[in-house]
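Peer 1: The structure that follows is given in the form of structure tokens.
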Amino acid sequence: MMLLLAILAVQKTQDGLAPELLWMCHVTSTMLALGLIANAAPLIVTGFLCQGAIALPAYVLHVAAGGHTSLASFLLHASAPVLGALAWRGKRMSAAVPWVALAIYQLLVALSQAFTPDSMNINLAFRPWDPLAGFLPSGWPIRALNLVLMLVQLHAARWLWNRTVPASVS
């Protein structure tokens, strides 16, 4: 994963798209990779939940809508949830993990607003997703809706995951 992240960083920098490295999917891939290297459970579970519940579905929608991608990006988005699932196999997720993931996203939105151009709309920090921008208002209503939808996805993914793990396992 670290090699894919490095390749992606070089590609994005060469293409003038370095701010895209702040996308939640890349940040949580990095968290997951570092968690796997350091055997740090909080990084693994949070990165895994973000990858499975948010990053992979968003990536699929992005590509389906005609968004740009690369082989490194595809491999990273495909491998991160799998590696996270293998690393977290047999363990339950605490109820706090979706809230931590949502807080990380909020931090990334703030960083995106401060350090990325609004034209790139990193982490949907400036407006709704482009294919839906004509149908949805900008500003706080869409941000609130986005947070609610993300929280639902995160909690649903946690619930589904925990259903596969016996309750006596921690």
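The values are calculated or read from the model by the stated rules, or taken from the named source; none is laboratory data. Computed from a predicted model, the values in this text were never measured in an experiment. Every residue, glycine as well, gets a Cβ built from its backbone with ideal geometry; the counts of neighbours run over all protein chains shown. Ligands, DNA and RNA are stripped out before the accessible areas are found, and what is left, the full protein with its side chains, is counted by its heavy atoms. Shrake-Rupley method; radii C 1.70, N 1.55, O 1.52, S 1.80 Å.
Peer 1: If only one of R163, R143, R127 is modelled with pLDDT of 95 or more, more than 22 Å from M1 (Cα to Cα) and of a type outside the set (F, W, Y), which one is it?
Peer 2: Step by step, each of R163, R143, R127 is checked, and only R163 is modelled with pLDDT of 95 or more, more than 22 Å from M1 (Cα to Cα) and of a type outside the set (F, W, Y).
Peer 1: Can you name the condition, by its number, that R92 falls short on among (1) open to solvent by 70 Å² or more (accessible area, probe 1.4 Å); (2) basic (K, R); (3) free of Cβ contacts under 8 Å to residues at least 60 places away in the same chain?
Peer 2: Unmet for R92, out of (1) open to solvent by 70 Å² or more (accessible area, probe 1.4 Å); (2) basic (K, R); (3) free of Cβ contacts under 8 Å to residues at least 60 places away in the same chain: (3).
Peer 1: Restricting attention to the range 111-144, which residues are open to solvent by 80 Å² or more (accessible area, probe 1.4 Å), within 19 Å of A65 (Cβ to Cβ) and not in a loop (DSSP other than H, G, I, E, B)?
Peer 2: Result: D130, single match.
Peer 1: Quick one: in the range 79-89, which of the residues that are exposed (fewer than 14 other Cβ atoms within 10 Å of the Cβ) and not β-branched (V, I, T) is farthest from the chain's Cα centre (by Cα)?
Peer 2: R89
Peer 1: Condition first: open to solvent by 80 Å² or more (accessible area, probe 1.4 Å) and of a type in the set (G, A, S). Now tell me which residues in the range 145-170 satisfy that.
Peer 2: Within the range 145-170, A167, S168, S170 qualify.
Peer 1: Please go through (1) open to solvent by 60 Å² or more (accessible area, probe 1.4 Å); (2) under 28 Å from D15 (Cβ atoms); (3) assigned to a helix (DSSP H, G or I) for T69 and return the number of the only condition it doesn't satisfy.
Peer 2: Condition not satisfied by T69: (3).
Peer 1: Could I ask something else about it? In this structure, is L75 of a type outside the set (V, I, T) and either within 16 Å of the chain's Cα centre (by Cα) or surrounded by 14 or more Cβ atoms within 10 Å (Cβ to Cβ) (or both)?
Peer 2: The answer is yes for L75.
Peer 1: Let me ask something additional. Which one of these is more than 15 Å from the chain's Cα centre (by Cα) and in a helix (DSSP H, G or I): V10, V45?
Peer 2: Within the list V10, V45, the selection yields V10.
Peer 1: Going by what's in this entry, would G16 be described as free of Cβ contacts under 8 Å to residues at least 40 places away in the same chain, of a type in the set (G, A, S) and assigned to a helix (DSSP H, G or I)?
Peer 2: So G16 fails the test.
Peer 1: Right, another one. Identify the single condition in (1) in contact with a His (Cβ under 8 Å, 6 or more places away or on another chain); (2) without any contact (Cβ under 8 Å) to a residue 24 or more places away in the chain; (3) closer than 17 Å to M150 by Cβ that T69 does not satisfy, given that it satisfies every other one.
Peer 2: Every listed condition holds for T69 apart from (3).
The rows are residues; the columns are (1) among the hydroxyl-bearing types (S, T, Y); (2) in contact with a Leu (Cβ under 8 Å, 6 or more places away or on another chain).
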| site | (1), (2) |
| --- | --- |
| M93 | no, yes |
| S112 | yes, yes |
| L124 | no, no |
| L149 | no, no |
